[in-house]
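Since the structure comes first, as structure tokens, the remarks are kept for the end.
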Amino acid sequence: MAMAIRFHETGGPEVLRYETVEVAEPGPGQICLRQTAIGLNYIDVYHRNGLYPVPSLPSGIGLEAAGVVEAVGPGVETPKVGQRVAYAGGPVGAYAEERLMPAERVVPLPDAIADKQAAAMMLQGMTAQYLLRRTYPVKRGDTVLIHAAAGGVGLIACQWAKHLGATVIGTVGSDEKAALAKANGCDHPIVYSREDFVAEVKRLTDGRGVAAVYDSVGASTFAGSLDCLRPMGMMVSFGNASGPVPAFEPGILATKGSLFFTRPTLMTYTADPADLRRTAEELFAVVQSGAVKIHVNHEYPLAEAAQAHSDLEARKTTGSTILLP
């Protein structure tokens, strides 16, 4: 038996329950993982509130953790019992002391990457990897706009984009977050609560606009993000922190400069286990090189997951947040 967070109905943080669950023996292709640190991500909120429906209720929650392999099922050659591994992506259920996972969906951790660090960076860091390296591959000399620059993905993406040679503009909600973003590679933080980010981007780029916008905020920034792009720029919408982007007429992309629009997900970009491994390995390499530093700014006991969700939604957190079993 193990403790886990589950929810029986969608809703606010109060629907999260700390319950006893039974963990079966691993079946073919599975491992049993004793989890040491668990990542908190905004997609967890979407699963909890029903924006992104889970397969069935009641359900576990969470997509990211690190831990130690306790047992392996038939046919599993790697990883080995006792090996440290981490994962990000489905199936949901990371908020747990122990769980079963498909062996092909976990990656071995280098000795230099601590469990807490891994749990804080797998989903957010691999998201930054596919955004910056595959969705719109950032080139030296590019100028890009990163919304929520002081958030978990934002801090990693700002550092990585700067490492790739880009000029980084970011939006943040306060002067404190502006200072944090600036310390992590954001050349020009914009406090959106008092500055018009579209006007600022135009000023900073001498009216040219940016090569790409990476937008995890959604409804409240979508229209402005399009106005920040240069002709044939790339609008990358990968989150909905302010609500989902409303339906729009594709012709608007033409009138604003033959823009590109995409709505990518980590699950698609890492669906192939080989892509998952390559993505994780590039993330591990850039972190171990020192070019990207992972900030674990908040820790909560697993039993206090509801409070962690409340703080995340209230934008009281910066960087990465983890839950500890």
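For the chain, the longest principal axis of the alpha carbon atoms and the long axis of helix 115-130 meet at an angle near 40°.
The alpha carbon centroids of segment 76-109 and segment 258-312 are separated by 15 Å. Taken as Cα centroids, segment 141-212 and segment 22-44 sit 35 Å apart, rounded to the nearest whole angstrom. Relative contact order of the chain, taken over Cα pairs closer than 8 Å and 6 or more residues apart, is 18 percent.
The angle separating the long axis of helix 273-288 from the principal Cα axis of greatest extent in the chain is about 70 degrees.
Just to be sure I understand the curve: with the Debye formula and one point per C-alpha of segment 243-325, what is log10 I(q)/I(0) at q = 0.12, 0.14, 0.16, 0.23 Å⁻¹? For segment 243-325 at q = 0.12, 0.14, 0.16, 0.23 Å⁻¹, log10 I(q)/I(0) is -0.70, -0.89, -1.02, -1.05.
When only the Cβ of Lys, Arg, Asp and Glu is charged (+1, +1, -1, -1), the dipole of segment 140-263 relative to its Cα centre reaches about 240 debye. Here is the list for segment 21-109: GluC sites (Glu not before Pro) lying in DSSP coil, each with at most 13 other C-beta atoms within 10 angstrom of its C-beta, are Glu22, Glu77. When shorter helices are ignored and each DSSP H run of at least 4 residues is given -39500 (n - 2.57), the per-residue value for the chain at 222 nm works out to -8000 deg cm²/dmol. Direction-averaged projected area, Cα convex hull, segment 16-144: 9.7 nm², rounded to one decimal.
The C-alpha atoms of the chain define a longest principal axis, and helix 152-163 lies at about 60 degrees to it.
Each Cα pair under 8 Å and six or more residues apart adds its separation to the average, and for segment 38-90 the resulting relative contact order is 33 percent. Hydrodynamic estimate: the Kirkwood radius of the chain over Cα pairs, inserted into Stokes-Einstein at 25 °C and 0.890 mPa s, corresponds to D of 122 µm²/s.
Using a cutoff of 8 angstrom between alpha carbon atoms and counting only pairs six or more residues apart, the relative contact order for segment 140-263 works out to 20 percent. Among the trypsin sites (Lys or Arg not before Pro) within segment 120-189, those in coil by DSSP and having at most 11 neighbouring Cβ atoms inside 10 Å are Lys139, Arg140.
For segment 179-325, the spread of Cα coordinates along the three principal axes comes to 51, 41, 33 Å, biggest extent given first.
Both the radius of gyration and Dmax for segment 140-263 are 13.2, 39 Å, in that order, over alpha-carbon atoms. Pairs of Lys residues in the chain are counted when their Cα atoms are under 29 angstrom apart and they lie 8 or more places apart or on different chains; the count is 27.
Readers should treat all values here as calculations from the given coordinates under stated rules, not as data from a laboratory. Just so it is clear, the model here is predicted, and its values are computed rather than measured. Note that we place each Cβ from the backbone using ideal geometry, even for glycine, and neighbour counts take in every protein chain shown.
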